[in-house]
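A short write-up of the structure that comes next.
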Amino acid sequence: MLLTFIIVATAIALLFWTYASDKVSYWKRRGVEFLTPNLIFGNFKDAVLFRSAPGWHIGDLYKMARPDAPFVGFYIFHKPCLLLRDPEIIKHVMIRDFDNFSDRHFAGSNQKDSFGMKNLFGLKNPAWKYLRTKITPTLTMAKLKQMLPLMMETAEPMLNYIKDQPVDHNNMKLLDVQDFNYKYTTDLIASIALGIKVDSFYYSNKEFSAAVKEFFYGFKRMVALITVFFMPELVEIIGTRMLFNFTFVRKIFWNAMENREKTGEKRGDFIDSLLQMKNGEQNPIYKFEGDNLLYQSGIFFSGFESSSMSTSFTLMELAKHPEYQELARKDINRAIEEYGWTYEAFQDMKYLEQTILESLRLHPPVPIVDRYTREDYKIPNTDIIIEKGTPIYISLSGLGMDPRFWDEPEVYNPDRFAEGNHIPDAYMTFGIGPRMCVGVRVGQLHTKVVLALLLREYEVWQTKEHVSFLDSRSTFTVACNGIQLYFKKIR
């Protein structure tokens, strides 16, 4: 019996070794430079085991490649993937040859994570292209001007919360900016995407807050994101059980829609826009009816989540660099004195915008961009053919820290983005091409509103005792233990 077991086990191990060795020799056979894989996990072991943040793990692979390699092959388990490192090739993929790369890799054919997939973030062509033409007009300057009062109103409980926190012997308050940004963002999503007022600081709607917290930080969702982003084939097998449960969000949304239709009230939020689309002319390629309307609010969940991260990490950097913080404060005060708390004032906060853009370079909220090869594709100026169906990845964190494109890339310096300075093509935090982020302006407005309100009232510091590390479970850029900063009221 023992001998039989040893023979069978040896045979299985040999068969697996033969199979795996053949699978992870794909790039070698095609003459593509590649990273040496593990026979089981490929190049994704640390990410799968949550030893490193999955999105940032792609950035680690970027750094492992030969410094001037334009692209490099790697494996997620045994699946061959290509990591692009040359901005010129990236522009070909994202802009010039967009028709062949218009779909995201994770946009599975059945798109079972409806809340996250059946909107601009995840839809495949041609539905995506049609939807883009309908959603873009809902985020114009005129629409943002209508949203601004809602952003300001939603911020009042946050400011009161900070004011009510106790001070230490130096008259300073120690606060987790990631936590209170999360609460503010929860309230902002409720107001703009779902058309209701929520106060997560003093009068929390526990059921709604729990649903949004699960969406932001729930371990189940983090596992789901890794699967959706990097192993979408599993979604087809496992189905929706592993994805976000939006039952309660659906209930709130439809209550708001029905109430708005009955009363005819206009708030300047996204519900107003959805009602216009619902009552407008329909196209069979994507009809604005039923849950298709709800799914569109998902872009605000993801979009405000990203701008919340941007706000938190910009505050962290300004806390570590008081000289830049003071320049940002002067910029804020100048704009407010000239325009008041208006949309024009936030547009005129150019230096504050520089601090945000530099923070996004170092801490991109979504550190990767992915694409799916619809047909065989010859990489320009090479003999390399990418086979149909090959996942393509771009590491925003890798590009943002590459010394080929940035002087002293590890240094936080907002002057890189000063007017007149050349910004390298490697800066593509919002994406590039037809599928770049549609919510750039609303996300930046969200970030500027919070930063302006806080920096006008408080000086902010960070000490060495409160250094932030990334949450290794999250595909996005999240500090694992929050971002602890000291606040001191400006008198």
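The values are calculated or read from the model by the stated rules, or taken from the named source; none is laboratory data. Note that the structure is a prediction, hence the values are computed from the model and not measured. When we count neighbours, we look across all protein chains shown, and the Cβ atoms used for this are built from the backbone with ideal geometry, even at glycine. Heavy atoms of the whole protein, side chains included, go into the accessibility calculation; ligands, DNA and RNA do not. Shrake-Rupley method; radii C 1.70, N 1.55, O 1.52, S 1.80 Å.
In this structure, does ILE192 turn out to be of a type in the set (A, V, I, L, M), farther than 23 Å from CYS480 by Cβ and either assigned to a loop (DSSP other than H, G, I, E, B) or modelled with pLDDT under 90 (or both)? Considered against the rule, which asks whether it is of a type in the set (A, V, I, L, M), farther than 23 Å from CYS480 by Cβ and either assigned to a loop (DSSP other than H, G, I, E, B) or modelled with pLDDT under 90 (or both), ILE192 comes out as no. In the stretch 267-274, the condition of being open to solvent by 20 Å² or more (accessible area, probe 1.4 Å), among the polar types (S, T, N, Q) and in a helix (DSSP H, G or I) is met by no residue.
How many residues, within the stretch 444-475, are out of contact with any strand residue (DSSP E or B) (no Cβ under 6 Å at 6 or more places or on another chain) and either open to solvent by 30 Å² or more (accessible area, probe 1.4 Å) or modelled with pLDDT under 85 (or both)? Count: 14.
The number of residues in the stretch 439-491 being more than 26 Å from THR342 (Cα to Cα), among the aromatic types (Phe, Trp, Tyr) and in contact with a Leu (Cβ under 8 Å, 6 or more places away or on another chain) comes to 3. Would a scan of the stretch 68-84 turn up a residue that is assigned to a helix (DSSP H, G or I) and modelled with pLDDT of 90 or more? So far as the stretch 68-84 goes, no, none of its residues is assigned to a helix (DSSP H, G or I) and modelled with pLDDT of 90 or more. Would you check which residues across the stretch 41-63 are over 18 Å from ILE394 (Cα atoms) and either modelled with pLDDT under 90 or in a loop (DSSP other than H, G, I, E, B) (or both) and list them? Result: PHE41, VAL48, LEU49, PHE50, ARG51. Scanning the stretch 36-51 for residues that are surrounded by fewer than 16 Cβ atoms within 10 Å (Cβ to Cβ), out of contact with any Ser or Thr (no Cβ under 7 Å at 6 or more places or on another chain) and within 24 Å of LEU470 (Cα to Cα) yields a total of 2. Taking each residue of the stretch 426-447 that is farther than 22 Å from GLN347 by Cβ and looking for partners that are open to solvent by less than 30 Å² (accessible area, probe 1.4 Å) with beta-carbon atoms closer than 6 Å, six or more apart or interchain, yields ALA426/PRO87; ALA426/LEU399; ILE432/MET94; GLY433/MET94; GLY433/PHE98; PRO434/PHE98.
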